[in-house]
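Structure, as structure tokens:
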Amino acid sequence: MLIEIFKDINWHKYGWLTIGILSLFAILGLIAFGEKPTFALLEYSWELVLHYAFETNKDLGKDIIFTFGPYGFLYFRHYYPSTYPFTLIAWLWFSIVFWWISLSISYRLIKNPLISIIWLASLIFLVINDRLHDTLFITFNIFICIYYFYIDEEKISKNLIILTLTLALISLIKFSFFVITVSVIFVIGLSEILKKKKPLLLTIFISTASILWLLSGQSILSFPNFIISSLEISNGYETMAYKPVNTVIIPLVLTITFFLLVVFFELRKRKKQWLLVISALLSIVLFSFKAGYCRADGFHTSIFVKLIFVLTLFYTIVAFQSKEHRYLKILFVLCLIQATFSLNLHILSNKSITLVSDIKNTCLQIESNYISFFNIVNGKASLKDSYEKEQEKIRKKYSLPNLKGAVDIYAFHQQIAFAYKLDYQPRPVFQSYSAYTEKLSKINAEYLKGSRAPENILFRIETIDNRYPSLEDSLSWPELLTNYDIKEILARDSFMLMQKSNSSRNCSFTPQKDVLTKFNQPIEVASINNTRVWIKIKINRNTLGIITSKFYQPPKITLRVSTIAGITSDYNIPILMAETGFLLSPIVTDTLDFALLASSNWQEYLDLSKVKTITVLVSEEDKRLVKEEIKVSFSELNFDSQETPQILKGEFLSKYLEGVLVKGSSNDIFYINQGKLKKTTRKFDLANQTDLEETKVISDKLLELIPREGIEDTN
């Protein structure tokens, strides 16, 4: 009797039911639940600003200029009091749609439940588990391409409409998603028109995106500003070289192989519109490649590597359900194997673990996310309490006085404003490293002169990618020095408080000299070093350099700086930032230097920080991307000084430099312990990298201000 029962069971039906339940369980665990704000403060800061922008209906493209749209806060799933209900609903929607469409595609194209569960597991576990969510969101564009061109080609189904509605929301999360989605939807719309049909999906997309734009509190009139400012940031981002990568060849070969197979497959499948299919896929791949390899760190390159894996995963099952010859199917399988190898190599090089270990970690993540979810449901944990604890950690790390009036924060620690519930009034390009171009830098500088400029500035010098200290938001430095008064430096690892002046001080630039030079040739600066030296470096890319910057990486330019103290350091200088202009001399590395720069006696206090020579460097590999001649323009930066007597007290200096190795004009190294200057037995060595990184060079004038009683030799 038991055997007869088993015979009566529809194993195909129950197999798909099991697959559906298991895949839904996994996707909900990975997408809808979990994710704590444990990232670097830079990411957490801009995420909080995106929540704030949505909450306060900031005008994108004018009030806020960034690479994200009005729903940018949905990029992560973190808790924020006023927006979390929307975040939860949106991510549940993404989860359900991702699950339903992936399950539907596997059911329509694979048929076999066992193969389907392997395919779904590959898609779910390898795409979703990532620090950045670009791969996940861009996969929805792959979904609609597969569904439109290979499943519902002859009709507009409910699934296509669901995908279009979802993509309308995704396109307003991040500008790169917008560009990719618009490209794909436009191709589909053109396909419908060529078939003499109404472009229904294109109409649905435009209508839904417009409604969502208005619901976010934006005006239709602000949309052009959003596009223009986003393109400006994108233009600057493409010149922001970070570091070269050694793994680009394998993904590139894989991509070329994949496209050759798809072109061959499409030419055999359809005589018309095959170019439209290729165009849609090409838009996804090109923008993903640019997103992955412009910065080329492990997090960004994973976007492209995983997307190529997803594409080969999809096209392998598309090929197998077709009536194509067996050899073509075998070639797609080989391409998938190559994609798996490439993904494993990427994970191994960036995470130092294998692909199998990464999948295991994903399973553990699902378990952890569900435990957290049930703890919240059962009242054992609270998202609000976790959020408040995170803010408390920030308050403990950065102690602030009571601030009255609006506040902005330089350069990118905006999370402090939310931790203290300050009246946050950000400049348009609210994180300084994003002011890539002269236009963006000018927007921030003009903001400081306008009526909306905040009463308080919390200022700290902090750059990314080893850029020259004064390079980011460079045009704002003269405005800060002349429109704001320095009130106090809160701590060495904290901020300087600046407050708006009653009247603006004078500021001007006096041209000194223009130098036409070449790469790797030193330029003398000392002859104009009795002034604060402002510099502009004009570097021209050739045609190959422009193309390479657009689709891959820009040439990496290094500025080698030698000071009067004999110290030589190398800094990265993005091309458009260097062209905008920045303070070259003296080198200002922290808030103490900035305060001294503002004083009338800056030459005495920063004499060892003056620049003696500079050299613009480019590698032999990148030399073919730029024109040989460089134009370097020097100007004198003049402004009315302000006195900061509280900074020039021994008590403050000893407290600020507590535990720091310092040296003056001699090679003696000192350190300050409990307010006392102590001399070590070590001598400063220019060839010692540790000495260069750990020792702060200050003028003898400042050393004299620090209490000297109790000086003793120590190691």
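The values are calculated or read from the model by the stated rules, or taken from the named source; none is laboratory data. Here the structure is a predicted model, which means the values were calculated and not measured. Using ideal geometry, Cβ is built from the backbone for each residue, glycine included, and neighbour counts are taken over all protein chains shown. Note: accessible area is taken over every heavy atom of the protein model, side chains too, but ligands, DNA and RNA are not part of it. Shrake-Rupley method; radii C 1.70, N 1.55, O 1.52, S 1.80 Å.
Per-structure values
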| quantity | calculated |
| --- | --- |
| Filter pass, Arg326 being modelled with pLDDT of 75 or more and out of contact with any helix residue (DSSP H, G or I) (no Cβ under 9 Å at 6 or more places or on another chain) | yes |
| Residue that is modelled with the highest pLDDT [pool: residues in the range 80-128 that are crowded, with 21+ Cβ neighbours inside 10 Å and assigned to a loop (DSSP other than H, G, I, E, B)] | Tyr80 |
| Selected residue [at pLDDT 85 or above, of a type in the set (S, T, N, Q) and farther than 27 Å from Gln689 by Cβ] from Ser635, Ser609 | Ser635 |
| Residues that are farther than 19 Å from His325 by Cβ and either open to solvent by 80 Å² or more (accessible area, probe 1.4 Å) or aliphatic (A, V, I, L, M) (or both), drawn from the range 255-286 | Ile256, Lys272, Leu275, Leu276, Val277, Ile278, Ala280, Leu281, Leu282, Ile284, Val285, Leu286 |
| Elements of type strands (runs of 3 or more DSSP E) contained in the range 505-575, each with 2 or more residues being modelled with pLDDT of 90 or more and open to solvent by 80 Å² or more (accessible area, probe 1.4 Å) | 507-518 |
| Any hit, the range 695-703, residues being more than 28 Å from Ile528 (Cα to Cα) and not β-branched (Val, Ile, Thr) | no |
| Of the criteria (1) in contact with a Phe, Trp or Tyr (Cβ under 9 Å, 6 or more places away or on another chain); (2) not in a helix (DSSP H, G or I), which one Ile394 fails | (2) |
| Residue list for the range 652-689, filter: assigned to a strand (DSSP E or B), under 13 Å from Pro707 (Cα atoms) and open to solvent by less than 10 Å² (accessible area, probe 1.4 Å) | Ile672, Leu677 |
| Residue ID - surrounded by the most Cβ atoms within 10 Å (Cβ to Cβ), chosen from residues in the range 441-466 that are touching a Leu at 6+ places or on another chain (Cβ under 8 Å) and either among the β-branched types (Val, Ile, Thr) or modelled with pLDDT under 90 (or both) | Ile457 |
| Which numbered condition Asp493 fails, given (1) under 16 Å from Thr589 (Cβ atoms); (2) open to solvent by 60 Å² or more (accessible area, probe 1.4 Å); (3) in contact (Cβ under 8 Å) with a residue 60 or more places away in the chain | (3) |
| Of the criteria (1) in contact with a Ser or Thr (Cβ under 7 Å, 6 or more places away or on another chain); (2) open to solvent by 30 Å² or more (accessible area, probe 1.4 Å); (3) at pLDDT below 90, which one Glu438 fails | (3) |
| Within the range 670-690, tally of residues that are touching a residue at least 24 places away in the same chain (Cβ under 8 Å) and over 23 Å from Leu596 (Cα atoms) | 6 |
| Which numbered condition Glu604 misses (of (1) outside any strand (DSSP E or B); (2) crowded, with 16+ Cβ neighbours inside 10 Å; (3) among the charged types (D, E, K, R)) | (2) |
